[in-house]
1. Can you tell me which residue within segment 79-91, out of those that are surrounded by 15 or more Cβ atoms within 10 Å (Cβ to Cβ) and small (Gly, Ala, Ser), is nearest to Tyr37 (Cα to Cα)?
2. Only one residue in Glu3, Glu98, Glu68 is under 14 Å from the mean Cα position of the chain (by Cα) and under 24 Å from Asp120 (Cβ atoms), so which one is that?
3. Out of Tyr94, Tyr113, I need the residue that is over 18 Å from Ala32 (Cβ atoms) and touching a Ser or Thr at 6+ places or on another chain (Cβ under 8 Å). Which one?
4. Can you tell me which residue among Gly38, Gly45, Gly75, Gly9 is within 20 Å of Ile122 (Cα to Cα) and in contact with an Asp or Glu (Cβ under 6 Å, 6 or more places away or on another chain)?
5. Looking for something surrounded by fewer than 21 Cβ atoms within 10 Å (Cβ to Cβ), touching a His at 6+ places or on another chain (Cβ under 7 Å), β-branched (Val, Ile, Thr) and under 24 Å from Ile129 (Cα atoms) - is there at least one such residue anywhere in segment 70-77?
6. Considering only residues of segment 10-25 that are of a type outside the set (A, V, I, L, M, F, W, C) and touching a helix residue (DSSP H, G or I) at 6+ places or on another chain (Cβ under 6 Å), which is farthest from Ala50 (Cα to Cα)?
7. Which ones in segment 1-31 are surrounded by 13 or more Cβ atoms within 10 Å (Cβ to Cβ), free of Cβ contacts under 8 Å to residues at least 60 places away in the same chain and hydrophobic (A, V, I, L, M, F, W, C)?
8. Return the pairs, sorted by first residue and then second, in which the second residue is of a type in the set (S, T, N, Q) and surrounded by fewer than 22 Cβ atoms within 10 Å (Cβ to Cβ), the first residue lies in segment 58-78 and is over 16 Å from Lys35 (Cα atoms) and without any contact (Cβ under 8 Å) to a residue 60 or more places away in the chain, the beta carbons are less than 6 Å apart, and the residues are 6+ apart or on different chains.
Amino acid sequence: MVEKKKTLGLMLFTSPYGSQDADHMCRIALAALKKGYGVEIFLYGDGVHAQLKGQDPQCFYNVGEALEKIVELGGVIKSCVRCSQARGYVDGGYNEKEDRYESSKALDAVRIYSLYGFIDMIKHDDKLITFGSS
């Protein structure tokens, strides 16, 4: 019998450089992936700012690069469409083929998705950790 891979869900409510919430979330996600866990991240509220392309923090942990690495290692990152749209990230329609909303401002590694993405995540993840609050 093949054992199901354990999955860790992570939710970020706070902006990437307003606290260390995003740093800790990314470091936990990377460590979990390296140990063989599945990882799903949902960006919500000001947490959607973590998806911005081209952020170049000189004195901080680079959250954008970490998110791209998480996806390279097999993690899944979704961002709330309502929160993303309110903050100017959605600049196109829904792409049915890719199952995401279009954005020229968001990292390609992040799928802008409905809030149902979070609901689906909590239904099947073994553990959920939230960072920040709304």
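Any read-out appearing in this document is the output of simple, stated calculations on the displayed coordinates, not a laboratory observation. None of these values were measured; they are calculated from a predicted model. Here the Cβ positions follow ideal geometry from the backbone for every residue, glycine too, while neighbour counts run over all protein chains shown.
1. Ser79
2. Working: Glu3 fails: under 14 Å from the mean Cα position of the chain (by Cα); Glu98 fails: under 14 Å from the mean Cα position of the chain (by Cα).
On inspection, the qualifying residue turns out to be Glu68.
3. Values: Tyr94 fails: touching a Ser or Thr at 6+ places or on another chain (Cβ under 8 Å).
On inspection, the qualifying residue turns out to be Tyr113.
4. Only one candidate qualifies: Gly9.
5. no
6. My answer is Thr14.
7. Cys26, Ala29, Leu30
8. Gly64/Gln55
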